[in-house]
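Rule-based calculations on the coordinates, nothing more; no lab input. As the structure is a prediction and not an experimental result, all values here were calculated from the model. FYI the Cβ positions are ideal-geometry reconstructions off the backbone, even for glycines, and counts take in every protein chain you see.
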Amino acid sequence: IGEAMFGAARGYQNILCVNVGRGIGAGIIVSGEIYRGKQGGAGELGHMTVDPNGPMCPCGNHGCLEVMA
């Protein structure tokens with residue numbers, strides 16, 4: 001939201017900002033509105049399953065992108 005209002009993305013209506021740090025997440029803005037998705041987790045990229053047999057994530061799922069990265 002900060003990039004959309006004050007930063008490099010100011011003036012754009014459709015924005016995807018990915019943050020990689022202690023976790024992996026994203027902010028999504030479509031037509032100038034925050035996009036949350038049907039269940040509110042649209043930006044939770046780190047909890048996408050990339051290997052169902054992978055290590056357990058603190059969220060309880062196995063093989064999340066966050067624990068594989």
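At a glance:
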item: Structure-based [θ]222 nm, the chain - -39500 (n - 2.57) summed over DSSP H runs of at least 4, per residue, nearest 500; result: -2000 deg cm²/dmol
item: Per-residue HN-Hα couplings for segment 3-12 [Karplus 6.51, -1.76, 1.60; θ = phi - 60°; Hz; x = Gly/Pro]; result: 5, 5, 8, 10, x, 5, 9, 4, x, 8
item: Extended-chain gain in nm, criterion 0.36 nm per residue less alpha-carbon gap, T49 and Y35; result: 2.9 nm
item: The chain - convex hull of the alpha-carbon atoms, volume per residue in Å³; result: 92 Å³
item: Karplus-derived HN-Hα couplings along segment 52-69 (A = 6.51, B = -1.76, C = 1.60, θ = phi - 60°), whole Hz, x at Gly and Pro; result: x, 9, x, x, 6, 8, x, 6, x, 8, 9, x, 5, 3, 4, 7, 8, 7
item: Spin-label zone in segment 17-56 - amide nitrogen under 11 Å from a point set 7 Å from the Cα of M68 along the C-beta vector; result: 47-55
item: Length-normalised contact order of segment 2-69 in % [C-alpha pairs under 8 Å, at least 6 apart]; result: 20 percent
item: Amide H partners (placed H, <5 Å) of I24, local residues excluded; result: G46
item: Magnitude of the charge dipole, segment 2-68, Cβ model with Lys/Arg +1 and Asp/Glu -1, debye to 20; result: 140 debye
